[in-house]
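Notes to accompany the following structure.
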Amino acid sequence: DQQVKQNSPSLSVQEGRISILNCDYTNSMFDYFLWYKKYPAEGPTFLISISSIKDKNEDGRFTVFLNKSAKHLSLHIVPSQPGDSAVYFCAARGSSGSARQLTFGSGTQLTVLP
Amino acid sequence: GAGVSQSPSNKVTEKGKDVELRCDPISGHTALYWYRQSLGQGLEFLIYFQGNSAPDKSGLPSDRFSAERTGGSVSTLTIQRTQQEDSAVYLCASSFPRGGGYEQYFGPGTRLTVT
């Protein structure tokens with residue numbers, strides 16, 4: 001039972017264009033969402049996050065949008081750069097109790113073509 | 001050493017042997033997590049330590065897996081009688097949950113190969 005889904009295993013984008021990575025979730029108790037980037041042979045690194053009380057959070061070239069009614073979030077990268085090529089994981093956090101661990105999606109491999 | 005460190009970086013073991021994986025979290029981080037990533041899969045939660053509270057072991061796949069955290073710092077994940085399906089990258093993360101910030105900081109992982 002995948003509570004966090006990234007339905008696109010891969011995405012290719014031309015340098016300078018916008019990259020849009022999507023993520024869907026099923027658990028309405030999730031209250032905090034994060035995006036991580038992972039290069040080969042390295043651990044995931046935190047990229048950007050959003051609380052469920054917001055619908056948008058922006059940090060430089062990265063913007064995360066949250067649509068609670070649709071249980072959908074997306075990460076926009078604009079303009080995309082070759083160094084952005086990595087696997088991007090969407091993650092969600094439960095709001096209470098022992099649900100402190102993050103639930104991760106299966107990741108989307110982004111390739112930015114020069 | 002400001003980041004999370006893990007050792008060894010790679011481990012090859014024979015089926016049936018026991019292995020120990022080590023994690024050194026960021027100093028001062030009270031929460032520590034273990035995840036694993038199998039080939040082509042996302043990150044799978046294994047176990048969570050928070051301060052002196054009893055660990056959340058709900059993600060451990062079998063009783064062959066155990067973990068401890070000594071002195072609220074270093075953690076060891078032990079896999080007994082390893083099986084080929086245990087082959088994966090084992091990732092450790094730590095965090096200092098406060099003020100709404102729940103970012104977890106990951107180590108580079110230990111790649112375990114069971115032959």
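The values are calculated or read from the model by the stated rules, or taken from the named source; none is laboratory data. Values in this document were obtained by computation on a predicted structure and should not be read as measured data. Note: ideal-geometry Cβ built from the backbone for every residue, glycine included; neighbour counts use all protein chains shown.
Descriptive notes on the structure:
- Being away from chain A (no Cβ under 12 Å), out of contact with any helix residue (DSSP H, G or I) (no Cβ under 8 Å at 6 or more places or on another chain) and among the hydrophobic types (A, V, I, L, M, F, W, C) holds for only one residue in B:32, B:21, B:39, B:91, and it is B:21.
- Considering only residues in the range A:6-23 that are part of a strand (DSSP E or B) and under 10 Å from the mean Cα position of the chain (by Cα), the one that is nearest to residue A:109 (Cα to Cα) turns out to be A:21.
- Strands (runs of 3 or more DSSP E) lying entirely in the range A:37-81 (those with 2 or more residues that are within 14 Å of chain B (Cβ to nearest Cβ) and aliphatic (A, V, I, L, M)): A:45-51
- Failed item, numbered, when residue B:50 is tested on (1) modelled with pLDDT of 90 or more; (2) buried (at least 18 other Cβ atoms within 10 Å of the Cβ): (1)
- Any hit, the range B:21-34, residues being among the small types (Gly, Ala, Ser) and in contact with a Gly (Cβ under 7 Å, 6 or more places away or on another chain): no
- Some residue of the range B:64-74 being out of contact with any Cys (no Cβ under 8 Å at 6 or more places or on another chain), within 11 Å of chain A (Cβ to nearest Cβ) and of a type in the set (Phe, Trp, Tyr): no
- Any hit, the range A:45-65, residues being charged (D, E, K, R) and closer than 20 Å to residue B:59 by Cβ: no
- In the range A:59-76, the residues that are touching a residue at least 40 places away in the same chain (Cβ under 8 Å) and under 13 Å from residue A:21 (Cβ atoms): A:72, A:73, A:74, A:75, A:76
- For beta carbons closer than 7 Å, sequence separation of 6+ or different chains, a first residue in the range A:17-35 that is over 19 Å from residue B:43 (Cα atoms) and a second that is of a type in the set (Asp, Glu) and modelled with pLDDT of 90 or more, the qualifying pairs are A:19/A:84.
- Among the strands (runs of 3 or more DSSP E) confined to the range B:34-107, the ones with at least 3 residues that are within 13 Å of the chain's Cα centre (by Cα) and of a type in the set (Ser, Thr, Tyr) are located at B:75-79.
- Residue within the range A:8-30 that is closer than 22 Å to residue A:113 by Cβ, out of contact with any Leu (no Cβ under 9 Å at 6 or more places or on another chain), of a type in the set (Ser, Thr, Tyr) and modelled with pLDDT under 95 present: no
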